[in-house]
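> I'd like to ask some things about the structure below.
The values are calculated or read from the model by the stated rules, or taken from the named source; none is laboratory data. This is a predicted model, so every value here is computed, not measured. Ideal geometry is used to build each Cβ from the backbone, glycine not excepted, and the neighbour counts take in all protein chains shown. Ligands, DNA and RNA are excluded from the accessible area calculation, which covers all protein heavy atoms including side chains. Shrake-Rupley method; radii C 1.70, N 1.55, O 1.52, S 1.80 Å.
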Amino acid sequence: MTSSLPVYELFALRYATREANRSEHFIGGDPHDGPMPMDYFLWAAISAERTFVIDAGFTAETAAKRKRTFLRCPIDALRLLGIDAERVKDVILTHLHYDHVGNFHRFPAAQFHLQEPEMHFATGRYMRYPRLAHSFEPEDVVGMVRLNFAGRVNLYNGPAELAPGIALHPTGGHSKGLQFVRVHTRRGWVVVASDVTHFYENMASGRPFTTAFHVGEMLEAFDMLVASAPTRKHIVPGHDPLVMTRYPAPTPELQDIVVRLDVEPSA
Ligand SMILES: [Zn+2]
C-alpha cells in the first residue's frame, strides 16, 4: 500500500533560540528547576514533484520585540535547501502563534493550510485576554484574514489528506486549532508534532507545556501523536534542541542549521 505513496525528504530548520528554565516549560513547574533552552524551527517536506513548507517562523522585528535570539531569517534558511519562498505553492500552518506564522508575507505564491478553529480563536472572544492573546501578533492575524479574502487560506475542520503522503491532524489543546503533520518518508510516516509537544519530555512525562488553551486536549494530543506514528522515534517535537543532536545535518555546511528527519535518530 504505502509503497505507492510519494517519498518526501523531510528537514527541520532551526532559526532562533532562547535561554529558559525548566519551570517555564511544564504546567505545575518542575521540582528540579534549571536551564532548559528552547529552539525555534520550521520544517520542509520535499518530493520530486512538490514542496510543502510547514510553518513560517517569526521575523527579525518580532525577535527583537520579544527578546528571542534570532539566528537567521527562516526564509534565508529555506534557501540553503534550494527552496525559493517566492515560488512555494503550499505552506501548512500548524497554528497562528507568532513563532509559526510571522513570515507569511514572504510566500506570495502560496496557498496556506490551517484548521478553521484556529482562525476563529485568533479572531474571537478570547483575544481580549492577554494570557491567551500574548502568543499572537495582531498583524499576523490581520494578515491571515486578508489572505483569506484573497482566496489563499484553505481552512479545514478535521483531519485531511492534503496530498498523497502529507496528512493534517487537528488536536487543539495548546492553541484552539493546533494541528500536527504526518509526512511519508523513506523511513515511513514521520510525525511533525510542532507544538503538540514542545519538548520530548512534555510527551514522555505527560506534563503539558505552560502555554495552554485546553489541558485535557493537550493530554489527549500526546496519545494522538503516539497513535499516528510507527514508533516514538518517528515523533519530532516542535521546540526541542535535542532534535539538532539526534538527527544528522544533510551536509557539513548545514551543521547546527538544518537536520534531516527522514533518517533514523540516534536516540
Ligand atoms: Zn505555539
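> For residues that are more than 11 Å from the ligand (Cβ to nearest atom), aromatic (Phe, Trp, Tyr) and surrounded by fewer than 23 Cβ atoms within 10 Å (Cβ to Cβ), tally how many sit in the stretch 183-220.
Of the residues in that region, 2 qualify.
> Do we have ASN148 as in contact (Cβ under 8 Å) with a residue 40 or more places away in the chain, touching a strand residue (DSSP E or B) at 6+ places or on another chain (Cβ under 8 Å) and either of a type outside the set (Gly, Ala, Ser) or away from the ligand (no atom under 16 Å from the Cβ) (or both) here?
no
Residues checked against (1) within 16 Å of the ligand (Cβ to nearest atom); (2) without any contact (Cβ under 8 Å) to a residue 24 or more places away in the chain; (3) under 18 Å from ASN154 (Cβ atoms); (4) aliphatic (A, V, I, L, M):
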site	(1), (2), (3), (4)
ARG66	yes, no, no, no
PHE70	no, no, no, no
ASP76	no, yes, no, no
ASP84	no, yes, no, no
THR94	yes, no, yes, no
GLY102	yes, no, no, no
ALA109	no, yes, yes, yes
PHE112	no, no, yes, no
PRO117	yes, no, yes, no
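> Which residue, of GLN111, GLN115, is open to solvent by 10 Å² or more (accessible area, probe 1.4 Å) and among the polar types (S, T, N, Q)? Break it down stepwise before answering.
Values: GLN115 fails: open to solvent by 10 Å² or more (accessible area, probe 1.4 Å).
Selected residue: GLN111, the only one of GLN111, GLN115 that is open to solvent by 10 Å² or more (accessible area, probe 1.4 Å) and among the polar types (S, T, N, Q).
> Give the stretch 5-36 a look and list any residue that's touching a residue at least 24 places away in the same chain (Cβ under 8 Å), open to solvent by 50 Å² or more (accessible area, probe 1.4 Å) and of a type outside the set (D, E, K, R), or say none.
If the condition is that a residue be touching a residue at least 24 places away in the same chain (Cβ under 8 Å), open to solvent by 50 Å² or more (accessible area, probe 1.4 Å) and of a type outside the set (D, E, K, R), then VAL7, ILE27, GLY28 are the ones that fit.
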